[in-house]
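Participant: The structure is given below, and queries will be raised subsequently.
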Amino acid sequence: MVEQFDPLSESFAENPYPAYAALRALPEPFYYAPEDTWLLSKVADVEAAALDKTMLRTLDEMLDEDARKAQQRKMNWHDMPYHERFVQWNMLESEGDVHDRLRSLVSREFTPGMIRKQREAIQAFVDQILDSLMDRSEIDFIQDFAAHIPGHIIGHILGVPDEDCPQLGVWSEDVVRFFNVGCDDNDKRIAEQATKDFYFYLLELLELRENAPQDDVLTKLLQCKNTGEMTEDELIATSMLILMAGHGSTIDVLGSGMHCLLKYPDQHQKLRHDPELIKLAVQEMFRFESPLPYFHRFASEDTEVGGKKFQAGTRFGLLYGAANRDPARFAQPDTFDVTRKPNRHVAFGGGTHFCLGNHLARLDMEVIFTTLNQRFGDIQSVDEHPPYKRGLSVRGPESLRIHWKAA
Ligand code: HEM
């Protein structure tokens, strides 16, 4: 089973969990040759690596310029100056003092209190989209509904005018399509163009904010630039990261969360009967189908992981999606249980790079599923097996056709 581990296959996309279980059953981490990466699948190993300060997202600071360029060429990540400047480098791809400085500036703005204040705006936008779909009995939950949400909400928080928010979603998808399975030079060209267009758009918006400050995250980040706490490139890369980190992941978990409720109608009924369960139900959606199931780390020192010794420079894959089904932590891990408590999942990572958007992601889900249950008495899946995206780094349905009836 493990010898045939093929995360790009259709069968893995359909159901990666038997493959994850086979990886967890191995005595040591598994070497995945195509990525020259050791995969960690047990929750104890994944969590330990995320918390380990010697495990870094990048070793760039240890490389000279030539070695760094050679690595970029190997991955075909060169010859795209805007993408290199604002996407391939950002807070998530930095470490040490630079990471900590940027993270503390953004955390200052991205507080749980600020996120709580977004509830009304999220509710209003969700109602508006649902109003526009009410006369249809069948929709694609992904394209017709979920895809509109995160660009609008994150755009609103950043300070992007409502009418420009749909464009944010397009840029966000184009910028990251260069990381998708089977991407080619055309994807590379599109990713570079989208980064460039997004950059010039942000420059214009920043100029407007310079002349007329608002109560939004862009204005706050601009103030950090003006006080010298952040460079302009850092400001742009951070704004792009906030959008990219939250766009696809939110769409994917909305889709898989909806699919879970449809696949396990007893759990959906439980939630309908007791809407107070929503926070636990959302936690379980993140655990059961973690939308960002894989992130890498490099060992910056010789180390021991999962009972095996490794040299400095080794690349590891932290399989958050596999860790979240580990029976060592979760009783009956393959059961979707909207009452699961405790639910210490690692869908938002851990340690230095722990997700800054986790409060927002949870709030989006809470508002959306509560509203759907209030407004629709009956929701059914049209496809028994909706297609899921291929690859190790993403988890979510490509499409999810549903029938629904207003309550
Ligand atoms: C919707 C589901 C989401 C999931 C499952 C998720 C998951 C994650 C994970 C696992 C990491 C850590 C990466 C690592 O270990 O290397 C991360 C980092 C991050 N996330 Fe999220 N995220 C989500 C939504 C969001 C949203 C909505 C935002 C912002 C609006 C956001 C902003 C960030 C940022 C800025 C980082 C980098 C933090 C750092 O490097 O210090 N995420 N996310």
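Participant: Under the 0.36 nm per residue contour assumption, what length would be gained going from the current alpha-carbon distance of Glu14 and Arg375 to full extension?
Facilitator: Going from the current span to full extension adds 127.0 nm.
Participant: What ranking do 90-100, 250-260 get when scored by the average of other Cβ atoms within 10 Å per residue, highest first?
Facilitator: 250-260, 90-100
Participant: From the square roots a ≥ b ≥ c of the eigenvalues of the alpha-carbon gyration tensor of the range 79-224, which class results: rounded (a/c under 1.5), prolate (a/b over b/c), or oblate?
Facilitator: oblate
Participant: Using Cα-Cα distances under 8 Å and only pairs 6 or more residues apart, what relative contact order does the chain have, in percent?
Facilitator: 27 percent
Participant: For Trp77, Trp404, what's the fewest-to-most ordering of other Cβ within 10 Å of each Cβ?
Facilitator: Lowest count first: Trp77, Trp404.
Participant: Restricting things to Cα coordinates, could you compute the convex hull volume per residue of the chain in Å³?
Facilitator: With only Cα atoms used, the chain gives 140 Å³ per residue.
Participant: Each label point is 7 Å from the Cα along the Cα-to-Cβ direction; what then is the distance between the points at Gln72 and Lys263, in nm?
Facilitator: Taking the two extended label points, one gets 4.1 nm.
Participant: Determine the gain in length on full extension of the stretch Lys308-Asp6; use 0.36 nm per residue of separation and subtract their C-alpha separation, reporting nm with one decimal.
Facilitator: 106.4 nm
Participant: When Thr352, Thr37 are ordered from fewest to most other Cβ atoms inside 10 Å of their Cβ, what list results?
Facilitator: Ascending number of Cβ neighbours within 10 Å: Thr352, Thr37.
Participant: Here is a follow-up. Would you work out which of Ala33, Asn343, Pro213 lies farthest towards the positive end of the dipole of the chain, given +1 charges on the beta-carbon of Lys and Arg and -1 on that of Asp and Glu, about the Cα centre?
Facilitator: Asn343
Participant: Here is a further query. Return the FRET efficiency for the residue pair Ile139, Arg315: r is the Cβ-Cβ distance, R0 is 45 Å, and the value is rounded to the nearest 0.05.
Facilitator: Calculated transfer efficiency: 0.65.
Participant: What dipole magnitude, in Debye to the nearest 20, does the range 2-406 give about its Cα centre under +1 on Lys/Arg Cβ and -1 on Asp/Glu Cβ?
Facilitator: 1220 debye
Participant: Calculate one ³J(HN,Hα) per residue across the range 75-80 by plugging θ = phi - 60° into the Karplus curve 6.51 cos²θ - 1.76 cosθ + 1.60, and present them in order as whole Hz with x for glycine and proline.
Facilitator: Once rounded to whole Hz, the list reads 8, 6, 9, 10, 6, 9.
Participant: Per DSSP H run of at least 4 residues, take -39500 (n - 2.57); add these up for the chain, divide by its residues and hand me the 222 nm value, nearest 500 deg cm²/dmol.
Facilitator: Taken over the chain, the calculation gives -16000 deg cm²/dmol.
Participant: Now for a different question. Sum up the charges of everything whose Cβ sits under 13 Å from the Cβ of Val253, counting Lys and Arg as +1 and Asp and Glu as -1, but leave Val253 out.
Facilitator: Combined, the nearby Lys, Arg, Asp and Glu give -1.
Participant: Another question, then. In which sequence would Ile115, Ile154 go, from the one with the fewest C-beta neighbours within 10 Å to the one with the most?
Facilitator: By the 10 Å Cβ count, ascending: Ile115, Ile154.
Participant: Kyte-Doolittle mean at least -0.5 and Cα extent at least 24 Å along the axis: which DSSP H helices of the chain qualify?
Facilitator: For the chain, where a helix must reach 24 Å along its axis and average at least -0.5, the hits are 232-263, 358-375.
Participant: Among DSSP beta bridges lying fully in the chain, give the percent that are antiparallel, nearest 5.
Facilitator: Of those bridges, close to 90 percent are antiparallel.
Participant: Quick one: net charge around Trp89, please, counting Lys, Arg +1 and Asp, Glu -1 for every other residue with C-beta under 10 Å from its C-beta.
Facilitator: Neighbour charge sum, excluding Trp89 itself: -4.
Participant: Could you list which residues have their amide H under 5 Å from that of Leu319, counting only those 5 or more apart in sequence or on another chain, with H placed in the peptide plane?
Facilitator: Hits under the 5 Å cutoff: Leu40.
Participant: How would you rank 189-196, 319-326, 26-33, highest first, on the average number of other Cβ atoms within 10 Å across their residues?
Facilitator: For the peptides 189-196, 319-326, 26-33, the packing ranking is 319-326, 189-196, 26-33.
Participant: Around Arg390, with a cut-off of 12 angstrom between Cβ atoms, what is the net charge of the other residues, counting Lys and Arg +1 and Asp and Glu -1?
Facilitator: Around Arg390, the surrounding residues sum to -2.
Participant: Fully extended, how many nm does the chain gain between Phe200 and Thr339 (0.36 nm per residue separation, minus their Cα-Cα distance)?
Facilitator: Taking Phe200 through Thr339 to full extension adds about 45.4 nm, to one decimal.
Participant: Ranked highest first by the average count of other Cβ atoms within 10 Å around their residues, in what order do 287-293, 133-139 fall?
Facilitator: Output ranking for 287-293, 133-139: 287-293, 133-139.
Just so you know, all these numbers are worked out from the coordinates, no wet-lab data involved. Keep in mind the model is a prediction, meaning the values are calculated, not measured. Cβ: placed from backbone, ideal geometry, glycine included. Neighbour counts: every protein chain shown.
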